[in-house]
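Contents: one structure, followed by commentary.
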Amino acid sequence: MLFSTSLMFAGHFGFNTNILETNVLNLAVVLAIVITYVGDALRGLLANRKQTILNNFREADQRASEAQDRLNQARLQLEKAKTKADEISQQAIFTVDQEKKQIISQTQEDIKRLSILQQETLKFEQQKAQNELAQKLVRLALHQVREKLNQRLNSFIHNAVNNFQILLFTNYKP
């Protein structure tokens with residue numbers, strides 16, 4: 001040993017004066033103390049870190065599960081909305097078809113009523129025209145009769161008409 005000097009006191013306790021041995025021993029003691037105290041602290045930190053990581057994993061799994069549930073619910077709601085939209089679309093098509101049929105039927109009835117009204121109006125106008133024509137013919141005929149009577153009326157024809165009328169009254173029996 002190069003620098004070996006040992007001092008021993010009373011047989012039990014001694015100082016090692018060898019610097020290399022002392023440094024190794026001191027280093028070993030320091031390492032043992034560091035490993036003991038720092039190791040415990042490091043183990044505690046690692047355990048806390050492990051627990052934090054596990055908690056984060058659990059929370060992430062929980063959030064993923066909740067997100068999956070919300071996604072499933074959203075899909076169900078989407079399917080319900082699609083079904084409802086299809087029902088509304090079918091109902092709208094049915095309603096439009098029914099209204100179309102009703103409008104066509106109503107229009108046909110209106111056309112029939114208008115046709116009947118047109119024919120009645122034509123008949124009325126025709127009768128009115130016939131009545132007016134008949135009245136004009138009667139007036140014209142009376143006018144012509146008056147003119148002829150005024151032109152041909154003499155005392156002989158006047159007496160003949162009067163005698164004929166008297167004869168009709170005397171032969172009249174109710």
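Miscellaneous remarks
- Residue in segment 42-65 that is open to solvent by less than 80 Å² (accessible area, probe 1.4 Å), within 44 Å of the chain's Cα centre (by Cα) and among the aliphatic types (A, V, I, L, M) present: yes
- Some residue of segment 142-159 being surrounded by 10 or more Cβ atoms within 10 Å (Cβ to Cβ) and among the small types (Gly, Ala, Ser): no
- Single match in LYS173, LYS101, LYS82 (criterion: open to solvent by 100 Å² or more (accessible area, probe 1.4 Å) and either outside any helix (DSSP H, G or I) or touching a strand residue (DSSP E or B) at 6+ places or on another chain (Cβ under 7 Å) (or both)): LYS173
The values are calculated or read from the model by the stated rules, or taken from the named source; none is laboratory data. For clarity, every value in this text was computed on a predicted model and none was experimentally measured. So basically every Cβ, Gly included, is an ideal-geometry build from the backbone, and we count neighbours across all protein chains shown. Just so you know, the surface numbers come from the protein's heavy atoms only, side chains and all, with ligands and any DNA or RNA stripped out. Shrake-Rupley method; radii C 1.70, N 1.55, O 1.52, S 1.80 Å.
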